[in-house]
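The values are calculated or read from the model by the stated rules, or taken from the named source; none is laboratory data. Since this is a predicted model, take the numbers as computed values, not measurements. Ideal geometry is used to build each Cβ from the backbone, glycine not excepted, and the neighbour counts take in all protein chains shown.
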């Protein structure tokens with residue numbers, strides 16, 4: 001009997017202890033929720049949320065609540081820290097660019113997600129650089145590890161496809177096996193054409209689409225329409241742009257596929273600005289094999305390439321509204337000078353540049369038409385520079 005009573009008391013104590021621990025856990029949870037509520041209430045009452053159009057580089061000690069509507073892939077420019085662009089939107093519908101730099105990018109990989117809503121304060125606000133600005137007095141927000149960032153939880157996410165903006169689509173080398181959903185308008189579908197990639201012919205088709213970002217930029221849409229018409233009707237009259245107009249263009253509203261004609265003169269062309277070498281007959285990169293020798297190219301991975309004469313030429317051109325420097329390569333140099341690469345290499349080997357100099361002097365007296373377009377850096381990191389696509393003397 002005494003043993004049974006002792007066992008009963010022991011079980012009773014254990015049950016009471018379990019109940020106390022359970023109640024403690026519940027009260028602790030409620031206490032944490034209360035603290036969170038009080039913290040949010042303190043934010044709301046003592047620091048009123050500011051809308052994005054109220055934020056400038058002068059704004060200090062603020063709180064904001066936004067939704068991340070775009071989170072692009074990280075981008076890397078030579079000699080500069082990596083950056084990851086964001087686009088933020090507040091409840092008024094105002095948008096602002098955001099950006100994460102360098103070592104902070106992996107910290108925010110899971111902390112900030114597309115379509116997530118956040119409360120935050122005291123992020124760094126700075127003016128957007130002029131060449132990337134789409135409107136006057138445009139600002140962007142820099143996210144750092146030192147800022148306050150609180151996800152807004154408890155709101156159900158919208159099931160179904162998650163449509164990406166076109167500029168947020170990852171590069172082929174960075175993409176996973178998951179499919180990507182995009183809503184856009186197809187402007188142009190080209191014919192299938194062969195392209196040489198690493199020594200292999202691959203069939204490709206050019207397709208151009210725009211998404212809803214293009215609706216806000218009439219100039220961009222006008223340029224796109226012009227570009228599509230030109231692609232479909234090459235017989236359209238040539239429209240001449242000035243170098244001043246070219247220099248005024250911004251990376252934000254320029255596309256890789258755009259092309260412009262300029263009418264210019266080459267300013268003081270000299271043999272000293274030419275560089276002669278032997279290189280790959282496929283990719284044009286400099287090689288170490290003797291001229292005429294078959295060899296394996298380490299750059300394009302082609303085992304059946306030949307070492308052939310190559311030349312590059314730095315030229316300055318002017319049209320009266322401005323000047324610009326271009327680097328032209330073997331085929332363009334042959335068009336400008338009228339000499340083959342073999343002939344120019346013979347002049348180089350002999351040291352007798354008389355005929356080449358005479359031809360360059362004639363070139364300086366002629367008007368030439370250059371079709372130019374953005375380099376590939378416009379697609380990779382939104383840096384705008386120009387390259388010659390076509391040369392004509394009439």
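Against the test of being modelled with pLDDT under 90 and either outside the structural domain of residue 270 (by TED's automatic domain parsing) or over 30 Å from residue 166 (Cα atoms) (or both), the options 325, 332, 304 yield a single qualifying residue, 304. Scanning the range 270-288 for residues that are part of a helix (DSSP H, G or I) and surrounded by fewer than 14 Cβ atoms within 10 Å (Cβ to Cβ) yields a total of 1. Total residues in the range 293-333 satisfying the condition of being free of Cβ contacts under 8 Å to residues at least 12 places away in the same chain and surrounded by 17 or more Cβ atoms within 10 Å (Cβ to Cβ): the figure is 0.
Residue 67 meets all of the listed conditions (1) in contact with a strand residue (DSSP E or B) (Cβ under 6 Å, 6 or more places away or on another chain); (2) surrounded by 13 or more Cβ atoms within 10 Å (Cβ to Cβ); (3) closer than 23 Å to residue 376 by Cα but one, namely (3). May I ask you to verify whether residue 385 is loosely packed, with under 13 Cβ neighbours inside 10 Å and either free of Cβ contacts under 8 Å to residues at least 60 places away in the same chain or under 37 Å from the mean Cα position of the chain (by Cα) (or both)? When the stated conditions are applied, residue 385 passes them.
Every residue in the range 138-149 that is modelled with pLDDT under 80 and surrounded by 15 or more Cβ atoms within 10 Å (Cβ to Cβ), please.
Let us first name the residues in the range 138-149 that are modelled with pLDDT under 80, namely 145-149.
Across the range 138-149, the qualifying residue is only 149.
Filtering the range 344-379 down to residues that are within 40 Å of the chain's Cα centre (by Cα) and over 18 Å from residue 259 (Cα atoms), which residue is surrounded by the most Cβ atoms within 10 Å (Cβ to Cβ)? Break it down stepwise before answering.
Narrowing the range 344-379 to residues within 40 Å of the chain's Cα centre (by Cα): 344-345, 360, 363-379.
Subsequent filtering for residues that are over 18 Å from residue 259 (Cα atoms) retains 344-345, 360, 363-367.
Numbers: 344: 25, 345: 19, 360: 21, 363: 17, 364: 12, 365: 8, 366: 10, 367: 11.
Once the filter is applied, the top-ranked residue is 344.
The one condition from (1) outside any loop (DSSP other than H, G, I, E, B); (2) in contact with a strand residue (DSSP E or B) (Cβ under 7 Å, 6 or more places away or on another chain) that residue 384 does not meet is (1). If the condition is being in contact with a helix residue (DSSP H, G or I) (Cβ under 8 Å, 6 or more places away or on another chain) and farther than 16 Å from residue 83 by Cβ, then the range 122-146 contributes 133, 134.
Taking the range 334-360 as the range and being free of Cβ contacts under 8 Å to residues at least 60 places away in the same chain, touching a helix residue (DSSP H, G or I) at 6+ places or on another chain (Cβ under 7 Å) and within 20 Å of residue 392 (Cα to Cα) as the test, the residues that pass are 334, 337, 338, 339, 340, 341, 359.
To keep it simple, each residue is scored yes or no on (1) assigned to a loop (DSSP other than H, G, I, E, B); (2) surrounded by 14 or more Cβ atoms within 10 Å (Cβ to Cβ); (3) outside the structural domain of residue 295 (by TED's automatic domain parsing); (4) at pLDDT 65 or above.
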| position | (1), (2), (3), (4) |
| --- | --- |
| 118 | no, yes, yes, yes |
| 126 | no, no, yes, yes |
| 134 | yes, no, yes, yes |
| 175 | yes, no, yes, no |
| 178 | yes, no, yes, no |
| 186 | no, no, yes, yes |
